[in-house]
Amino acid sequence: MLTKITTDKAPAAIGPYSQGIVAGDFLFASGQIPIDPATGEILGSDITQQAKQVMKNVGEILAEAGTTYAKVVKTTCFLADMADFAAFNAVYEKYFCEKPARSCVAVKQLPKSVLCEVEVIAYLK
């Protein structure tokens, strides 16, 4: 059985997808970008500001599913510019203290031309 996760504390989907899906004991969360859920606007003009908003959005989806950053088992991180890797990591490590498995890649462009996006898989038990 699949359960859709939806919260107004994180940005609404900007396409035909869910914020997250629970399948069994795992949450599969869609990639989050630095959108303020209250205004729909991009927050921050640099990687540090944007990464903080991304982490906040991820946290709201985790909370809605009943889990935390500590139970994230895998992240996939997308950067618009690999030159932002160190600054992004400085924010990331404050949230993902358990050091889940991770992929981090630079991509040509992200939705709404943001600087970063993060998706997670988390254990629920």
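Only Lys, Arg, Asp and Glu carry charge here, each on its Cβ (+1 for the first two, -1 for the last two); on that basis segment 21-87 has a dipole of about 240 debye about its Cα centre. Take every Cα pair under 8 Å whose residues are at least 6 apart in sequence, average their separation, divide by the length of the chain, and the relative contact order is 32 percent. Label point of Lys125 set 7 angstrom out along Cα-Cβ; within segment 33-73, amide nitrogens under 17 Å from it belong to 66-68, 71-73.
What the Cα convex hull of segment 13-77 gives, in volume per residue, is 94 Å³.
Computed 3J(HN,Hα) for segment 41-57, one whole-Hz value per residue from the Karplus formula 6.51 cos²θ - 1.76 cosθ + 1.60 where θ = phi - 60°, is 9, 6, 9, x, 10, 10, 5, 5, 5, 5, 4, 4, 5, 4, 5, 4, 5, glycine and proline marked x. Summed over qualifying helices (DSSP H, 4 residues or more, each -39500 (n - 2.57)) and divided by its residue number, the chain shows a 222 nm mean residue ellipticity of -8000 deg cm²/dmol. Shown here for segment 1-85: GluC sites (Glu not before Pro) in loop regions (DSSP other than H, G, I, E, B) with at most 14 other Cβ atoms within 10 Å, namely Glu41. Taking 0.36 nm per residue of separation and subtracting the Cα-Cα distance, full extension of the segment from Lys4 to Cys97 would add 30.8 nm. Taking the charge dipole of segment 42-117 about its Cα centre, with +1 at Lys and Arg Cβ atoms and -1 at Asp and Glu Cβ atoms, the residue from Cys116, Gln53, Thr68 reaching farthest to the positive side is Thr68. In the chain, one over the average inverse separation of all distinct C-alpha pairs is 14.3 Å, which is the Kirkwood hydrodynamic radius. Under the criterion of Cα pairs below 8 Å and six or more residues apart, the relative contact order for segment 51-101 equals 49 percent. The residues of the chain have, on average, 53 Å² of accessible surface per residue, using a 1.4 Å probe with all protein chains present. Relative to the Cα centre, the charge distribution of segment 1-114, modelled as +1 at Lys and Arg Cβ and -1 at Asp and Glu Cβ, gives a dipole magnitude of about 220 debye. Nonpolar atom fraction for the chain, defined as the carbon and sulfur part of the 1.4 Å probe accessible area, stands at 55 percent. Translational diffusion coefficient of segment 47-95 (Stokes-Einstein, Kirkwood radius from Cα pairs, 10 °C, 1.306 mPa s): 138 µm²/s.
Taking the three principal axes of the alpha carbon atoms in segment 81-125, the coordinate ranges are 36, 20, 15 Å, sorted in descending order.
The values are calculated or read from the model by the stated rules, or taken from the named source; none is laboratory data. Quick caveat: nothing in here was measured; it's all calculated off a predicted structure. Every residue, glycine as well, gets a Cβ built from its backbone with ideal geometry; the counts of neighbours run over all protein chains shown. Surface areas here come from the heavy atoms of the whole protein model, side chains and all, with no ligands, DNA or RNA. Shrake-Rupley method; radii C 1.70, N 1.55, O 1.52, S 1.80 Å.
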